[in-house]
Amino acid sequence: MPMATHTRRPDSCAAPLRPAARPAGLLMACALAWGVWAAPCGAQAASAAPALSAAGKSLTAAVVKPTALLGPTALLKPTALLAPNAVVPRTLRLSAPVTLNLAAPASLPTLPGGARAARAIDATLLSPVTGDTVAITVFEPAGLAAGQTYPLVLHGHGFGLSRLSSQGMNTETPGTSDLNVSQGVADLVANGYGVISIDQRGHGQSSGAVRVMDPDVEGQNLIAVLDWAEANLPWLMYRPSADGRDPRNLVVGSVGGSYGGMYQLLLAHIDPKQRLDAIVPEIAPHSLPYSLAPQNTPKTLWAVALFGLGTTAGRMTGSTFDPFVLQEFPQALINNRFSQGLTDFAAYHSTSYWCEGRRVATNGAPGRAPGYAPTLRPKINALFIQGMRDTLFNLNNAVANHHCLAARGGDVRLITTQVGHNTIPVVPDVDALRFQDPQDITRGQCGRITTLQARRAFLDEHLKGVKGAAEEVPRQVCVSLTANDAVLLPPSAVSQPTVRLEVPPTAVTAGVGGPAVVVPLGDAVGAAGRVLAGIPTVDLTLVANGPSVPPSIPAQSIPGVLTTPEINLSANRPIVFVGVGVMHNDGQVELVDNQITPLRGLGRHLLPLAGVGQRLANGQRLALLVYGAHEQFLLNGSVALQPTATTVQALMVRGTVTMPLHEANLPTP
C-alpha cells in the first residue's frame, strides 16, 4: 500500500503540511530519509535565480532570500567532548532581505559593532564547461565581521534529494542523533564556518542529466562552484597550501553522506587547484561495481530504489537519468548482470578508479572515453564515517577508502556507527528487530563519539588550525558493535582476520529460498567473551552434486577488502549467498549486521565477506550461514527475472572462513 502523500515538517520549519513531492511507497521513504544528511524540512528550494555566466563575469542580479535560517531563540547546545577547543554555538539571526549583485565581490551593510547576522543566499550559476545551471545556497558564518575571514565547507545532499536552501534550515537543536542535515550545517555555521550547499547535476534546481558523479560532468560543475565562491565571497580564508605549492590556497572542507560523500572524493581527485583541505565523507562507496553488483550480481532492492530516485531527482527542471543509464540499468536487472559498458561507467565514477589505477574503455557509450587518467592526488585529510549495518555501502568501502588515502600521507581516520542506508526500509533487517535496540539506527555515534562532534573536531583542526582538536576522533579505527558499545583497532587489524575455521562439506540448493543452512564454526565462546570486528575472508569451493562444470574464473581482488565483478561469467551460473552468523544460547541464530555476500559460479571463491562487528558472550558460537536465495538479491540470484539466467542446482560448499576475532578487552573510545 502506498505511503501517505503528506509528510510532517518540524514545527520550527514554520510551514504547514503540504503534499510531499516524492514518489509513493518505498521510493518515497527512500527520498525522505536518504543518508545521514537528509533534510527533515524537505529542503524545498526557492524559485531559481537568473542564470549567472561563467567565472563570475557579467553576472546578472539575483534576489537573495534570507528566510529563517535559525529562529531568533534557537540555541545550539555546546558539545561536551569538544569543550577544550569548542566555539560555543550562539543564537543565529538573519539580517533583512537584500538584493545582491553577484557581478562583483559582495559588499553588504554591516550591523552595529561591525558584525552582521548570518544570512542564507540562494543563487544559480552557470558551469562554463558543461553549460549547466547549478543551484547553490551560501550560508554565511554566524557573527560575520568586516575584515575577518572564515573557512568554507561544501555540503552535498544524498541521491535523489536536493540542497539545503534558505527555506530549508530549521531550528532543531543538535543532539545525539545526526539524521538530518539541518543540525549538521547549523552547527558549522554557528561555529564560524561558511557553508555552500549544492544541488548536484540533475537534482533540485540544477539542470542536466544525472550521470552519477561523472568526473567529466558533475565533477566540472563542482569545480565551477569553488571558482564562483572565490570570485564572489570576500570573507573566504586563505593560507599557504600544506605542500608549499600555492602561497594563497583557499581553506575549504566538505561534508555530506552517500551521494554527498561521493562528490567529496571526486572533487578531491579532479580539482586542478587541489583546494580541498579536509573531507568528511559519510556512508560513501569506494567502488560502485562492488557496491551495486558484488560478483556481478545486482542488489535488486537497492537498484530499484536508486533507479526510482534518480528518475525523479530533477523534477523541478525536468531532468532525469542520462539515456545510457535509463537503458543499461533496467537491462542489468533483467539480465542478472552488469554489461561491460555499465561496469566501465560505474568504475570511472568510483573512488576505486583513482586508487587502483585501472583504466576503463568507455564512459557511458561506445566511443565516449573517460576524460581523466586514473591518477591519485597528493595527500588530503579525511574522516570517513560508515554504517556497520549498511547493506548498500558496507564497511569494506570505508576501509578501502581509508587504505587508499592514508597511503598518501594525510591525516585519515575512520569511525563507524549503526546508522547508514539501513535506516531506510528498503532492505529487510529482521535481526535488527530481534537482537538490537530499535533506537540504535537513530544514534550516530561510535561509543561516546557522536558524528556531529567528530565532524566538527576534525574540521576545526584542519581548517581552523585548532591544534589537537581532532584528537577527539581516535586515530585507530572505531568499530561500532551497538550504538553505545565500540572498540578500537589498528587499521591493519580490521582487514586482516586471523582465526581460520573449517567449513565441512555442506549441501545447499542454489535458487531455493528459506532459512539459512547453519554451519557451526569452531568452539563456543568462553567465559571471557570475544569481539568479532573487521572483515572476514572465505576460501570456499562450490561443486555440483551432478555432472562436472568448469570452474568460474577467480574474482580479481583488493586483498582483504573488496572484489570486482566477474564480467566473463555467464548469466546462468548458480549463485548462493553467505554471511557470518552467531548461534545464541537460546537457540536463535543471528545474521551479523545483516551482511551477505554472493558466490557466483562453481569452483573456488577466495574473497572477503562484508565487514561485521559484534561482542560475543559466553556460550555463543560462530557460524557460516549459507542461503540458496536471499531477499537482498530478490529475483537476481539463481532465480532471475530472465528465464535463461535462472539456475536451480543442488550444490556442495566446503572450505575455510577466516574470522576477525579479538580478545574481549580491546580498548574502547
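The values are calculated or read from the model by the stated rules, or taken from the named source; none is laboratory data. A quick note: this is a predicted structure, and the numbers were derived from the prediction, not measured. So basically every Cβ, Gly included, is an ideal-geometry build from the backbone, and we count neighbours across all protein chains shown. Accessible surface is based on the protein model in full, side chains and every heavy atom, while ligands, DNA and RNA are left aside. Shrake-Rupley method; radii C 1.70, N 1.55, O 1.52, S 1.80 Å.
Numerical summary
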item: All helices (runs of 4 or more DSSP H) inside segment 304-374 with 2 or more residues being in contact with a Phe, Trp or Tyr (Cβ under 8 Å, 6 or more places away or on another chain) and of a type in the set (A, V, I, L, M, F, W, C); result: 323-335, 340-348
item: Matching residues in segment 375-392 - criterion: being in contact with a strand residue (DSSP E or B) (Cβ under 7 Å, 6 or more places away or on another chain) and not in a strand (DSSP E or B); result: 380, 388
item: Condition broken by residue 440, with the remaining ones in (1) open to solvent by 30 Å² or more (accessible area, probe 1.4 Å); (2) charged (D, E, K, R); (3) without any contact (Cβ under 8 Å) to a residue 60 or more places away in the chain satisfied; result: (1)
item: Filter result for residue 362 (surrounded by fewer than 23 Cβ atoms within 10 Å (Cβ to Cβ) and among the β-branched types (Val, Ile, Thr)); result: yes
item: Subset tally (residues that are of a type in the set (D, E, K, R) and open to solvent by 10 Å² or more (accessible area, probe 1.4 Å)) for segment 591-625; result: 3
item: Sole residue being in contact (Cβ under 8 Å) with a residue 40 or more places away in the chain, basic (Lys, Arg) and in contact with a Lys or Arg (Cβ under 9 Å, 6 or more places away or on another chain), chosen from 389, 413, 434, 408; result: 413
item: Among residues of segment 421-472, those that are part of a loop (DSSP other than H, G, I, E, B) and on the phi < 0 side of the Ramachandran plot, counted; result: 13
item: When residues of segment 268-288 are limited to those that are in a helix (DSSP H, G or I) and either over 15 Å from the mean Cα position of the chain (by Cα) or at pLDDT below 95 (or both), the one surrounded by the fewest Cβ atoms within 10 Å (Cβ to Cβ); result: 270
item: Filter pass, residue 285 being in contact with a Phe, Trp or Tyr (Cβ under 7 Å, 6 or more places away or on another chain) and closer than 28 Å to residue 376 by Cβ; result: yes
item: Selection from segment 149-172 of residues that are modelled with pLDDT of 95 or more, assigned to a loop (DSSP other than H, G, I, E, B) and open to solvent by 20 Å² or more (accessible area, probe 1.4 Å); result: 149
item: Verdict on residue 408 being surrounded by fewer than 17 Cβ atoms within 10 Å (Cβ to Cβ), of a type in the set (Lys, Arg) and either part of a loop (DSSP other than H, G, I, E, B) or on the phi < 0 side of the Ramachandran plot (or both); result: yes
item: Some residue of segment 453-464 being among the small types (Gly, Ala, Ser), open to solvent by less than 30 Å² (accessible area, probe 1.4 Å) and modelled with pLDDT of 95 or more; result: yes
item: Residue count, segment 355-364 (criterion: in contact with a helix residue (DSSP H, G or I) (Cβ under 7 Å, 6 or more places away or on another chain) and either at positive phi or of a type in the set (Val, Ile, Thr) (or both)); result: 3
item: Among (1) open to solvent by less than 10 Å² (accessible area, probe 1.4 Å); (2) within 27 Å of residue 157 (Cβ to Cβ), the one test that residue 297 misses; result: (2)
item: Pairs, first basic (Lys, Arg) in segment 318-331, second open to solvent by 30 Å² or more (accessible area, probe 1.4 Å) and part of a loop (DSSP other than H, G, I, E, B), C-beta under 9 Å, six or more apart; result: none
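Here's the yes/no breakdown for (1) touching a Pro at 6+ places or on another chain (Cβ under 6 Å); (2) under 22 Å from residue 128 (Cα atoms); (3) crowded, with 24+ Cβ neighbours inside 10 Å:
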residue	(1), (2), (3)
190	yes, no, yes
194	yes, no, yes
198	no, yes, yes
215	no, yes, no
218	no, yes, yes
231	no, yes, no
237	yes, no, no
